[in-house]
Amino acid sequence: MDRSHLRILFVGKDNGLGMLLGRALGEKFLLRSQEISLANLVQEILAWPDILLVDLRETKVQLDDERLRFLEEVSRIAAHPPIVVLTDEDHDGITLQAIERGAIDSVKHPPNIPELRLILQRAHRFYRAEQELRELRNAENRNGKLHDLIGTSPAMQELFNLARRIAPADVNVLITGETGTGKELMARAIHRSGARSSGVMVAFSCANLPETLVEDELFGHERGAFTGAHMCRQGRLESANHGSLFLDEVGDLPIGLQPKLLRVLQERKFERLGSNRSIDIDVRLISATNHDLAELVKQGKFREDLYYRLNVVELHLPSLRDRRDDISLLAYHFLRKYAQVFQRNLPRLSAAALTTLERYNWPGNVRQLENVVQRAVVLSEGHTLETHHLPPSIEGSGPQAAGERDGWQKAEPASYEDQLRKFKRDLLLRTLQENGWKKSESARALGIARGYLHRLINQLEIREQHEGAIDRQMGDVLGTVM
């Protein structure tokens, strides 16, 4: 078949109109007609058309209308083609109903044929762009990313694979992990990868808030519900309708509110404060905590039935010290990010700075690493981020001191390469100081070319330690070493 044609499936009861539209659209459009019947159309919808053109003339704005139900069902099919609807001239209500049920555009009857061609072509281009974006995201995910989450370590790759599998399933998810590991980023990745990605994700933290405030934030209130309630207010649950609600620090949810949240999950409805009218809700709940909820259940601080409702699938984010392979990847990601934000030309981390970052235990996890790199970018002057740009608590003052400090790994014996590097660095420092930091004289004393000396100074990260005179204190130290 010639793929220069745009294939249109006209779905409706008026086959005669379908034939007329097919002739009027011209040779670049291939139109077929089919009566509405979802059972018979599913395979054809996925296999043949580029666009669905659905006839909604004389349709009533009713939830049980056959053609509106048809749109709803088609929009639930994964990778369905874009839907354009044909409506009566004076029936804007049907257009709104159709768009709510998945239509991408509409055209009035009788259609202006040039306008119809443009609408169909635009719908197809939009659909192709969405497909390409999904393919790019999938390729990006395979290369160590899940939306804004980054990690190539085995632990993170296993987590990404699990998240991709459960995201489209629309089940409740419990995300666990230490503070700063990226639990909200994981929640947003699940939302964006799921069937509710076109809806909103509303986030709310339950941490250290009084019960009355949490209840009002989640459920909202009617006017006059309490002193100061001067107007009706939607809660987070209602705002997240048809989308996702992210409850952070759910382990801190007051025990008095836990039965109310359980009822929402069971019955899919709730009442605002001060009201006895139930509001239907369609929300996916994603929760996160840095507490051990199973232990809180044993202590009687968290309802067991609510715990099982929240924990349909659990995703545990490992701490940064348990995924050290990702530290350099994350450090460079944040380096590029903040170099762009602060307009700094910082293409690299020095070897010493990177080693320092990789050896630190990161009690604050990825969030702490991001803050450290952001600070270093702000303080940097040159083209390389050095160890002295890092906070003193992270920079350290050598292997022994570092090993004694909280948050550091125990220093391991220096390798042959480390000892050789230290010998070269000490020799160059002493020679430079003995010759007043004059590069030509120092090169002659060492028996090497001046250009090679410059390369060694850069490789060994030697900075000038004098202001018009030799730093006698450093010279004395090096003299005792040599």
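Each of Asn161 and Thr384 was given a label point 7 Å from its Cα along the Cα-to-Cβ line. The distance between the two points is 3.9 nm. What would the Debye formula give as log10 I(q)/I(0) at q = 0.09 Å⁻¹ for the alpha-carbon point model of region 144-316, no solvent? Per q value, in the given order, log10 I(q)/I(0) is -0.31.
Extension gain, Ala352 to Glu271: 0.36 nm times the residue separation minus the Cα-Cα distance gives 23.3 nm.
Here the average projected area of the convex hull drawn through the C-alpha atoms of region 322-404 stands at 5.1 nm². If R0 equals 35 Å, the separation of the Cβ atoms of Met231 and Asp170 corresponds to a calculated FRET efficiency of about 0.55. Rounded to the nearest Hz, the phi-derived 3J(HN,Hα) couplings of region 50-57 under the Karplus curve 6.51 cos²θ - 1.76 cosθ + 1.60 (θ = phi - 60°) are 8, 9, 9, 10, 9, 7, 10, 5, where x marks glycine and proline.
Over region 155-203, all Cα pairs binned in 5 Å intervals from 0 give whole-percent P(r) values of 5, 20, 33, 26, 12, 5, listed from short to long.
Computed 3J(HN,Hα) for region 213-222, one whole-Hz value per residue from the Karplus formula 6.51 cos²θ - 1.76 cosθ + 1.60 where θ = phi - 60°, is 5, 4, 4, 5, 5, 7, 9, x, 8, 8, glycine and proline marked x.
For a label point 7 angstrom out from the Cα of Phe126 toward its Cβ, which stretches of region 163-203 have the backbone nitrogen within less than 16 Å? Answer for region 163-203: 198-199.
The H on the amide N of Ala203, modeled in the peptide plane, is under 5 Å from the matching H of Phe246, each at least 5 residues off or on a different chain.
If you take the square roots of the eigenvalues of the alpha-carbon gyration tensor of region 274-339 and sort them as a ≥ b ≥ c, do you get rounded (a/c under 1.5), prolate (a/b over b/c) or oblate? Oblate, since a/c reaches 1.5 and b/c is not below a/b.
Using 1/(1 + (r/R0)^6) with R0 = 30 angstrom and r between the beta carbons of Asn311 and Arg69, what's the FRET efficiency to the nearest 0.05? After rounding to 0.05, the efficiency reads 0.30. Remark: spin-label model distance Ile462-Ile255 equals 6.8 nm, labels positioned 7 Å along the Cα→Cβ axis. Here region 183-232 is described by how far its Cα atoms reach on the three principal axes: 42, 26, 10 Å, from widest to narrowest.
In terms of its Cα atoms, region 206-266 spans 31, 27, 19 Å along the principal axes, sorted from long to short. The stretch between Asp282 and Arg336 holds 15.5 nm of extra length on full extension. This uses 0.36 nm per residue minus the Cα-Cα distance. Averaging the Cα positions of each part gives two centres, and for region 174-244 and region 304-365 these lie 26 Å apart. Cβ-Cβ distance of Leu213 and Arg321, R₀ of 30 Å, FRET efficiency by 1/(1 + (r/R0)^6): the value works out to about 0.30.
Throughout, read-outs are computed from the coordinates displayed, never taken from laboratory work. Just so we're clear, the structure is a prediction, and the values are computed from it rather than from any experiment. Every residue, glycine as well, gets a Cβ built from its backbone with ideal geometry; the counts of neighbours run over all protein chains shown.
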